[in-house]
1. Which of rounded, prolate or oblate describes segment 101-199 when judged by the alpha-carbon gyration tensor and an a/c cut-off of 1.5?
2. Treating the Cα atoms of segment 72-118 as identical point scatterers in vacuum, please give the log10 of the normalised Debye intensity I(q)/I(0) at q = 0.14, 0.16 Å⁻¹, two decimals.
3. What is the ratio of the Cα radius of gyration of segment 155-220 to 2.2 N^0.38 Å, where N is its residue count, to two decimals?
4. When the dipole is taken about the Cα centre of segment 243-319, and only Lys, Arg (+1) and Asp, Glu (-1) are charged at their Cβ, what size is it in debye, to the nearest 20?
5. Using alpha-carbon positions, what is the distance between the centroids of segment 268-301 and segment 162-183, in Å?
6. Name the residue farthest towards the positive end of the dipole of segment 254-303 from the options G265, L301, V275, assuming +1 on Cβ of Lys and Arg, -1 on Cβ of Asp and Glu, about the Cα centre.
7. Using the Cα centre as the reference, give the magnitude of the dipole from point charges on the C-beta atoms of segment 196-290 (Lys, Arg: +1; Asp, Glu: -1; all else neutral), rounded to the nearest 20 debye.
8. Tabulate in residue order the Karplus-calculated ³J(HN,Hα) for segment 49-63, using 6.51 cos²θ - 1.76 cosθ + 1.60 with θ = phi - 60°, rounded to whole Hz; enter x for Gly and Pro.
Amino acid sequence: MTPQDPAPSRYRLWPPGPRTLAGLGATGLVLATVAGAFAYTGGFLSPGRLTQARIIDRFEAVNGVHPGFRRNHAKGVCVTGTFESNGAGARLSRARVFAPGTTPVVGRFAVGIGKPFLPDNETEVRSLALSFRTPDGQEWRTGMNDIPVFPVRTPEGFYGLLAASAPDPATGKPDPARMKAFLGAHPETVRALDLIHARPFSTGFANASYNGLDAFRFLDAAGRSTPVRWSMVAVDPYVAQAPQPGAARDPDYLFDDLLARLAAGPLRYHLVVTVGESGDPTGDATLPWPSGREQIDAGTLTLDHAEAEGPGNCRDINYDPLVLPDGIAPSDDPLLSARSAAYSVSFTRRAGEEKSPSEVAVPPPSPADTPNPSTGG
């Protein structure tokens with residue numbers, strides 16, 4: 001070392017030495033890669049690419065922006081209860097929820113549209129979302145609808161259907177020519193809509209049955225994988241709605257009937273697992289599986305309490321279909337990852353917004369009622 005050389009220092013920041021420059025270069029490369037990944041995921045590098053944000057943007061364009069509410073299935077009510085497993089599902093899945101025993105459940109009934117104050121008779125899809133939390137710290141979330149199949153098989157198809165069904169500003173109704181063009185390009189949607197319109201339409205939430213629609217895979221204790229679909233089948237007897245959907249009636253009749261039914265006693269549903277066979281489609285939710293497939297009654301869901309959406313209850317749960325416990329895995333259905341990503345964007349946006357009171361009001365319990373446990377969230 002010569003007298004002109006500066007004394008070495010572990011803390012010298014400037015000017016950077018060759019090793020520091022090399023380190024900064026490597027760090028910059030990592031940051032650039034991560035930033036590029038985020039930009040690609042967000043669609044910033046390819047504006048024409050379909051992203052989860054664009055899907056939610058389209059929901060907002062069709063339904064309007066309603067701060068604090070989900071961008072779809074916006075009108076709903078929270079329910080709680082338990083799932084009593086009978087152990088029959090454990091043959092196919094090692095998930096704790098299928099071992100014999102009881103699991104607490106936080107759920108939500110809703111109607112399938114992104115307008116939180118829409119009259120109940122202006123939508124024909126009802127939904128039930130559930131969160132099962134088992135003692136081993138795992139969780140299973142599922143969102144089900146009272147239709148037999150999904151109307152589209154890809155995220156791109158869903159995006160196109162949203163645009164085709166958007167009301168024309170001049171008429172307030174979907175443009176028939178636009179819908180005709182969409183259906184002409186998507187024959188799978190034509191077949192699916194035929195099945196959806198032919199389904200039985202019940203009088204309310206309590207006597208409707210709800211289907212998971214997407215296929216999943218159960219994994220047993222030995223790691224064997226089985227394709228499955230599941231449904232919650234109502235114990236209440238089916239009663240056909242008359243008059244048909246769309247007829248004039250109280251704007252909150254579905255939810256009022258649900259609360260009246262709960263006041264008379266708990267709601268019960270059977271969790272029915274349909275077992276797929278080789279060749280059954282798992283990547284196309286517009287296609288039903290052939291009749292005659294094995295069905296397993298895995299247990300009984302009991303719902304005994306309802307409350308309006310509020311802090312800490314179902315309002316604050318993102319019913320992401322890919323929140324799955326060990327023993328349940330996604331299939332190759334492309335809608336699953338798209339739904340998960342879009343739900344995340346919807347949740348993030350509404351989480352930062354001021355919350356408005358829900359259209360669905362639930363009377364407070366009378367002092368004589370037994371206090372209900374917290375719904376969690």
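The values are calculated or read from the model by the stated rules, or taken from the named source; none is laboratory data. This one's a predicted model, so the numbers in the text were calculated from it and none came from an experiment. No Cβ is skipped: glycine too gets one built from the backbone with ideal geometry, and neighbour counts run over all protein chains shown. SASA here: full protein model, heavy atoms, side chains in, ligands and nucleic acids out. Shrake-Rupley method; radii C 1.70, N 1.55, O 1.52, S 1.80 Å.
1. Details: a/c = 2.66, a/b = 1.93, b/c = 1.38.
Cα axes put segment 101-199 in the prolate bin.
2. At q = 0.14, 0.16 Å⁻¹ the computed log10 ratios are -0.52, -0.59.
3. Against the compact-globule rule of thumb, the ratio is 1.47.
4. Numbers: 5 positive and 13 negative charges, 27 e Å.
Using only the charged Cβ atoms, the result is roughly 120 debye.
5. Each part's Cα centre sits 34 Å from the other's.
6. Of the candidates, G265 comes out farthest on the positive side.
7. Working: 7 positive and 10 negative charges, 32 e Å.
I would put it at about 160 debye.
8. 7, 6, 10, 4, 5, 5, 4, 5, 4, 5, 4, 5, 5, 7, 9
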